[in-house]
Structure formats: structure tokens, C-alpha cells
Amino acid sequence: MGQPKRKQSKQRSRKRRGATTFALPQLSKDSQDGTLFRPHRVNPANGMYRGRQVLDVEV
């Protein structure tokens with residue numbers, strides 16, 4: 001495995017680490033009640049997943 005010829009600067013390392021920022025999660029809109037939820041997961045507001053009731057949610 002190759003070895004670096006020079007020490008990597010602090011600025012270069014920090015630029016690389018700073019490029020990976022936290023992003024907000026993508027949200028889907030429920031067609032029944034319009035609530036926002038994470039895609040490919042059960043909607044916590046009403047317990048529906050792909051048009052089927054999979055969780056009993058108490059109101």
C-alpha cells in the first residue's frame with residue numbers, strides 16, 4: 001500500500017470532513033390525511049403502510 005510523501009494539512013482534512021454535512025430527512029405526504037412521514041416506513045400518525053393498517057394508533 002502506498003504511503004503519502006507529505007503530511008496532509010489541517011485545512012485539507014477539515015475541508016474533507018466539512019463536506020459531509022447533515023441533511024434533513026426526505027418526507028412523503030400521506031394521501032389520506034396529508035401528514036408528513038419518512039418514506040418506506042409506517043406512518044406514525046395513523047399506522048398505515050402502503051395502504052394497509054399495520055399499527056393500532058390511539059388518538
**Message:** Above 19 Å lies some portion of the pair distances; for the chain, what is it as a whole percent of all C-alpha pairs?
**Reply:** 55
**Fill in**
Counting sequence-distant residues (5 or more places) and residues on other chains, those with an amide H built under 5 Å from that of VAL42 are none
**Request:** List, in order, the whole-Hz ³J(HN,Hα) value for each residue of segment 38-55 obtained from phi through the Karplus relation with A = 6.51, B = -1.76, C = 1.60 and θ = phi - 60°; use x for Gly and Pro.
**Result:** 5, x, 6, 9, 5, 6, x, 6, 10, x, 9, 9, 6, x, 10, 7, 10, 10
**Message:** Which one, GLY34, GLY18, GLY47, has the greatest fluctuation when you compute a Gaussian network model over the chain with C-alpha springs under 10 angstrom?
**Reply:** GLY18
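Every number in this text was worked out from the coordinates using simple rules, so none of it is lab data. Bear in mind the structure is a predicted one, so any value in this text is a computation, not a measurement.
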